[in-house]
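What follows is one structure encoded as structure tokens, with my remarks underneath.
The values are calculated or read from the model by the stated rules, or taken from the named source; none is laboratory data. All values derive from a computational prediction rather than experimental measurement. All Cβ positions, glycine included, derive from the backbone under ideal geometry; neighbour counts span all protein chains shown.
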Amino acid sequence: MKKRSRFIFSALCFGFAFLYVPILLVIIYSFNDSRLVTIWGGWSIRWYIELFNNDNILDAALLSLRIAMVSATCATIMGTLAGIALTRIRQFKGRLLFTGMIIAPLVMPEVITGLSLLLLFVSLQNLIGWPGQRGINTITIAHITFSMAYVAVIIQSRLTNINESIEEAALDLGARPIRVLWDITLPIILPAMVSGWLLSFTLSLDDLVIASFVSGPGATTLPMLIFSKVRLGIAPDINALATILITIVAIGVSIAGWVMHQQSKAKKA
Amino acid sequence: MSAVLASMDATFRERLWKKFIVFIPYLWLLLFFLTPFLIVFKISLADPLVAQPPFTPLLQKSVETGLSIYATFDNYLYLFQDSLYLVTYINSIKLAFISTCFCLLIGYPIAYGIARSPQPTRNILLLMVVIPFWVSFLLRVYAWMGILKTKGLLNGFLLWTGIIDQPLELLYTDTAVYIGMIYSYLPFMILPLYANLERLDIRLLEAAADLGARPWRVFKDITFPLSMPGVVAGCLLVFIPAIGEYVIPALLGGADTLMIGRLLFDEFFMNRDWPVASAVAIVLLMLLVLPIVYFQKRQNQELLEQQ
């Protein structure tokens, strides 16, 4: 038994080293003074200064943030409705198709989603003259579409674990459905909605392939800009950018983990 | 009487309310998820054209014949005649399959180790699996470029330790693509495996050990078979997106790393051949229909079990 736990222990060490060493190296080399990215030239923050003086990167980051905010909010609303529909409404026409359309985007290759949405936008443009210039609007719609599936699944798994009897009791006591939704269902699923929003936000901020398909001239998101830069090789200012993003994510996830830990402690007490 | 009316009114309103909840996401998905696939299929039956949009319309109006339908299977025939496409499809499946196997081999002990850790450690370890998952995919792939370069960190380290005396050619090869795939998709394998292994009844393992089974036998006959749902879920979550992967082969792969996602991207953006790109997408979708439907069925089953 002892031998085996030693194997598990080394597997854990190896696994986490594998996951974290590349990230740590990017962080360390973002403070490298040398332009040659793999040769150490002493500590410096020049790439951070260069980053903040680069208007292209700042513009792209702002654009990505705007798209991520809007699409995460819409995806959360729509995904929540879909999650409620899947768990609380047993029968409606085309339920099978609906479940299929919720689950399929989770595993659909991005190239297919991107290509098909672009062709939809082009066809709509020819048919009804909308959406006009492709850019922020089309990227946002695309991001809502794939993010809402993730939100729906999160809400669905939360609602299936919650006893429906509270909602039924409220209905029996004469509360209107909208009131039951507002006063009972929504507070129950609020934590799931928050994690759904955060996930949608990250997915949107992260997406390169779908945005490349549905974007038009003039709308360059942060991943598109990073990709066009690193395609040509390693760029030291991208190391600095990566370090900033990784720090934000690590802080955010740690806070979320801490809050959840406190909540579960409070529940036990 | 009025009470009856009120309750009728209430059920009517309830129904209307339920319809509203279903209607909005349903309509959205029909318009932005299902319709696009039908359009891709339609365009895959067209001929390329130097125009805007660059393909022939399905319905053609002419003075002599009136309205007629124009559809061709040329694009599909082309895919099967040109060996490049066939080789690319097979190569994508091979790359995705081998990456999935490695993810399982590496991910299983990690998931098992986390599930068997005492409580506070377990949550921290789980959090540590999730953090890379939230860090930009693109940047994580990019991190490997610096490591795998010929004058990169890995070669530098190996030369320094004296394990090799010539730098290895790693970046822009299939090896780099495998490393990138395993690295990026590992959390997708660990999380479902962990969710399954955490629920495993440890008394079964203890009973087997008490009855004299060796650790390997306990694993082979009890742990692994019981964790099958997690294994299947993890493998599908890695395999399906890996087949259509674009970023990893584009950044880490060489010119000869053929993957279908990359081919589709290039066909569309560089050759601007929309009908062929659509046909490539439809064939890829056909390849994935079975695993995707299977994945959906399992998800539904799991939800029913929870209920």
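Checking the conditions here, which among A:Ser64, A:Ser123, A:Ser116 is polar (S, T, N, Q), farther than 30 Å from B:Asn300 by Cα and crowded, with 22+ Cβ neighbours inside 10 Å? Going through A:Ser64, A:Ser123, A:Ser116 in turn, the sole match is A:Ser64. Any residue in segment B:138-146 that is within 27 Å of A:Gln263 (Cβ to Cβ) and either within 7 Å of chain A (Cβ to nearest Cβ) or buried (at least 24 other Cβ atoms within 10 Å of the Cβ) (or both)? There is no residue in segment B:138-146 that is within 27 Å of A:Gln263 (Cβ to Cβ) and either within 7 Å of chain A (Cβ to nearest Cβ) or buried (at least 24 other Cβ atoms within 10 Å of the Cβ) (or both).
Checked against the criterion of being facing chain B (nearest Cβ under 7 Å), aliphatic (A, V, I, L, M) and either under 24 Å from B:Gly234 (Cα atoms) or not in a helix (DSSP H, G or I) (or both), segment A:109-120 contains one or more residues that satisfy it. Checked against the criterion of being within 12 Å of chain A (Cβ to nearest Cβ) and closer than 18 Å to B:Leu105 by Cα, the candidates B:Phe224, B:Phe219 yield just one match: B:Phe219. Looking across segment A:227-237 at every residue that is without any contact (Cβ under 8 Å) to a residue 60 or more places away in the chain and of a type outside the set (S, T, N, Q), the one that is nearest to A:Leu159 (Cα to Cα) is identified as A:Phe227. Taking segment A:10-30 as the range and being of a type outside the set (S, T, N, Q) and in contact (Cβ under 8 Å) with a residue 24 or more places away in the chain as the test, the residues that pass are A:Ile23, A:Val26, A:Ile27, A:Tyr29. Looking only at residues of segment B:277-307 that are at pLDDT 90 or above and more than 10 Å from every other protein chain (Cβ to nearest Cβ), we find that the one that is surrounded by the fewest Cβ atoms within 10 Å (Cβ to Cβ) is B:Val283. Test B:Ile21 against the criterion of being in a helix (DSSP H, G or I), assigned by TED's automatic domain parsing to the domain that holds B:Pro225 and under 30 Å from the mean Cα position of the chain (by Cα), and give yes or no. No.
In segment A:159-214, the residue that is surrounded by the most Cβ atoms within 10 Å (Cβ to Cβ) out of those that are of a type in the set (D, E, K, R), closer than 29 Å to A:Val253 by Cα and facing another protein chain (nearest Cβ under 10 Å) is A:Asp207. Here A:Thr80 meets each of (1) within 12 Å of another protein chain (Cβ to nearest Cβ); (2) free of Cβ contacts under 8 Å to residues at least 40 places away in the same chain with one exception, condition (2).
I need the full set of residues from segment B:253-262 which are more than 9 Å from every other protein chain (Cβ to nearest Cβ) and either among the small types (Gly, Ala, Ser) or touching a helix residue (DSSP H, G or I) at 6+ places or on another chain (Cβ under 8 Å) (or both), in order please.
Step one: filter segment B:253-262 for residues more than 9 Å from every other protein chain (Cβ to nearest Cβ), giving B:253-259.
Selection gives B:Gly253, B:Gly254, B:Ala255, B:Thr257, B:Leu258, B:Met259.
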